[in-house]
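Structure first, commentary second.
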Amino acid sequence: MNTGDDLLLRLGLALAIGLVIGIERGWRRRDEPDGARTAGVRTFALIGLLGGLMGALSGLADSYGPWLAGLALVATGFGVFSFRETRAEGDFSVTNLVTAMTVFVLGVLAVLGDLRAAAAAGVVTAGLLAGREQLHRAVARLTWT
């Protein structure tokens with residue numbers, strides 16, 4: 001892993017991935033009152049940045065341990081809040097939890113791996129999330145044959 005300006009660029013990308021996905025998540029639930037949702041723009045941006053920082057620590061330690069531990073903590077913490085939200089709303093979607101884990105791993109990839117792959121995967125993730133209704137309509141029109 002490189003240091004200096006390259007690391008700042010990579011951490012910036014990790015943050016940007018979280019911001020883009022957080023904007024999509026926040027937009028979808030924008031009419032809900034404050035405190036009624038598990039995560040939005042700030043949370044996903046921080047998860048992306050945290051993934052990048054844990055990736056940087058993993059690079060310095062020459063070990064997968066830091067980022068794997070970070071992923072476990074994010075999944076557990078986010079999972080607890082998502083579970084509470086699910087119970088309160090009666091909505092049994094796991095999308096936000098999987099999205100949080102994806103943003104974290106993309107933050108790691110932005111620092112330890114290919115910048116273009118991380119950026120592209122972030123855009124694809126945001127597109128999949130934004131296209132929920134269209135995807136559901138397409139699936140509803142499918143026939144077995």
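Tabulated results
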read-out: Size of electric dipole in the chain: Cβ of Lys, Arg +1 and of Asp, Glu -1, about Cα centre, debye, nearest 20; value: 400
read-out: DSSP loop trypsin sites (Lys or Arg not before Pro) with at most 16 other Cβ within 10 Å excluded, longest remaining stretch of the chain; value: 31-145
read-out: Tyr64/Asp114 FRET efficiency (R0 22 Å; Cβ-Cβ; nearest 0.05); value: 0.80
read-out: Accessible carbon and sulfur surface of the chain relative to its total accessible area, %, 1.4 Å; value: 66
read-out: Backbone HN-Hα couplings from phi across segment 87-99 [Karplus 6.51/-1.76/1.60, Hz, Gly and Pro as x]; value: 5, 5, 9, x, 9, 9, 8, 9, 4, 4, 5, 5, 4
read-out: Helix axis angle, 115-130 relative to the chain longest principal axis, alpha carbon, degrees; value: 10
read-out: Label zone at Leu7, where the point sits 7 Å out along the Cα-to-Cβ direction: segment 50-79 residues whose backbone N lies under 14 Å; value: 52-62
read-out: Contour excess over end-to-end distance, with Cα ends at His136 and Val98 and 0.36 nm allotted per residue; value: 11.9 nm
read-out: Filtered chymotrypsin sites (Phe, Trp or Tyr not before Pro), segment 63-112: DSSP coil and at most 15 other beta carbons within 10 Å; value: Tyr64, Phe92
read-out: Solvent-accessible surface (1.4 angstrom probe) belonging to Val94, in square angstrom, nearest 10; value: 90
read-out: Ellipticity estimate at 222 nm from DSSP helix runs (n ≥ 4, -39,500 (n - 2.57)) divided over the chain, nearest 500; value: -27000 deg cm²/dmol
read-out: Where the chain is the region considered: accessible area per residue in Å², 1.4 Å probe; value: 61
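The values are calculated or read from the model by the stated rules, or taken from the named source; none is laboratory data. Computed from a predicted structure; not experimentally measured. Note: ideal-geometry Cβ built from the backbone for every residue, glycine included; neighbour counts use all protein chains shown. For the accessible areas, the whole protein counts, side chains as well, though only heavy atoms, and no ligand, DNA or RNA atoms are used. Shrake-Rupley method; radii C 1.70, N 1.55, O 1.52, S 1.80 Å.
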